[in-house]
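Worksheet: the structure to be examined is printed underneath.
The values are calculated or read from the model by the stated rules, or taken from the named source; none is laboratory data. Since this is a predicted model, take the numbers as computed values, not measurements. Neighbour counts run over all protein chains shown; Cβ positions are idealised from the backbone, glycine included. Keep in mind that these areas ignore ligands, DNA and RNA; they rest on the heavy atoms of the full protein, side chains included. Shrake-Rupley method; radii C 1.70, N 1.55, O 1.52, S 1.80 Å.
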Amino acid sequence: MEGKTFINEAIGESIQNYLTYKNNPNREEFNTFLVVVIRTLTLIYGELDIVNPYRTNNERGFDENLKKFGYSEEQLVEFKKEMLSFYQNKDNDEICKELFVSLQEKLVDMFALRKSHVLVSDEEIAQFKSLLYTKNDLNPSKFALFNKYTPGSNTILHYLSSKLFEISHDYKLTEYKEITLGADAYQLAGFNAVEVMNMKEEDILNINNKVYHFFRIKDTDTNKRGRLEDAIAYYKKYGSTMTTGNGYVDLLLLLSVITTGLMVVVLIGIQFMR
């Protein structure tokens, strides 16, 4: 490939950097945004489907590989165009901020298409999530970009949650809305996520307040979405919304519930023994 550009500068250079630094995963070059996009593509389609067309300068083969789960030609053209635009405008924060979200959403779309065609394990879903840019990212390079372009936002995780929900329930949701809380939040609080996400903004906000109340999150809380994520995780683990936001206090509460339950069992047992 020396002296030639594969598809465009963004894709060709990013695949080359992926190959150069994949054995040194802590290198900054391996953790740039566009290289992470390539790493995500190798997870979705397999490394050979991404690397072999590059090595043989086969753009058509690359395109066909990315379309094999149903990604359309129009979507693919837009994806390649956005990668090049991010590359060319890397010093323009406003442009990059928009592309930063859009490209990740396109990766989610590709992953969702794959999941709708083949069996995808929970481990693969976890690996895919780890390549997205989130507020809990432990990779300093990735977290720096997340904090630069989407500080405190859960947009991508909510978008992923909605897409996975579509597949699991064979539903087609309308266009994702920033004000929605994600399918898990609505389902656990007893609402139909599909219906909520198709409501008017005013109605969605009203449902959101009910969801926050269900998870015992105060109206005055300045980090309601962050609290909601923690509450959902707690609910999935313990089957209860009873959380204080303090792990130590939550543990004491849980132990007190267990102790009370055991005491009731003992008292019932004593009654039967008399």
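Selection of first residues in the stretch 102-123 that are more than 17 Å from Leu76 (Cβ to Cβ) and of second residues that are part of a helix (DSSP H, G or I) and open to solvent by 10 Å² or more (accessible area, probe 1.4 Å), restricted to Cβ pairs under 6 Å at least 6 apart or on distinct chains, gives the following pairs, ordered by first then second residue: Lys115/Ile167; Ser116/Ile167. Whether any residue in the stretch 213-222 is at pLDDT below 85, crowded, with 17+ Cβ neighbours inside 10 Å and of a type outside the set (Ser, Thr, Tyr) is what I want to check. No, the stretch 213-222 contains no residue that is at pLDDT below 85, crowded, with 17+ Cβ neighbours inside 10 Å and of a type outside the set (Ser, Thr, Tyr). Applying the set (1) at pLDDT below 80; (2) surrounded by 13 or more Cβ atoms within 10 Å (Cβ to Cβ); (3) small (Gly, Ala, Ser) to Gly226 leaves exactly one unmet item: (1). Note on the stretch 86-137: residues that are open to solvent by less than 70 Å² (accessible area, probe 1.4 Å), outside any loop (DSSP other than H, G, I, E, B), under 18 Å from Ser168 (Cα atoms) and of a type outside the set (Lys, Arg) total 11.
Has the stretch 61-68 got at least one residue that is in contact (Cβ under 8 Å) with a residue 24 or more places away in the chain and either open to solvent by 20 Å² or more (accessible area, probe 1.4 Å) or of a type in the set (Asp, Glu) (or both)? Checked against the condition, which is being in contact (Cβ under 8 Å) with a residue 24 or more places away in the chain and either open to solvent by 20 Å² or more (accessible area, probe 1.4 Å) or of a type in the set (Asp, Glu) (or both), the stretch 61-68 yields no hits at all. Residues of the stretch 161-168 include none that is touching a residue at least 24 places away in the same chain (Cβ under 8 Å), under 26 Å from Pro25 (Cβ atoms) and crowded, with 17+ Cβ neighbours inside 10 Å.
Residue-wise test of (1) touching a Ser or Thr at 6+ places or on another chain (Cβ under 6 Å); (2) part of a helix (DSSP H, G or I).
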{"site": "Phe6", "(1), (2)": "no, no"}
{"site": "Ser14", "(1), (2)": "no, yes"}
{"site": "Ile38", "(1), (2)": "yes, yes"}
{"site": "Asp63", "(1), (2)": "no, yes"}
{"site": "Tyr71", "(1), (2)": "no, no"}
{"site": "Met83", "(1), (2)": "no, yes"}
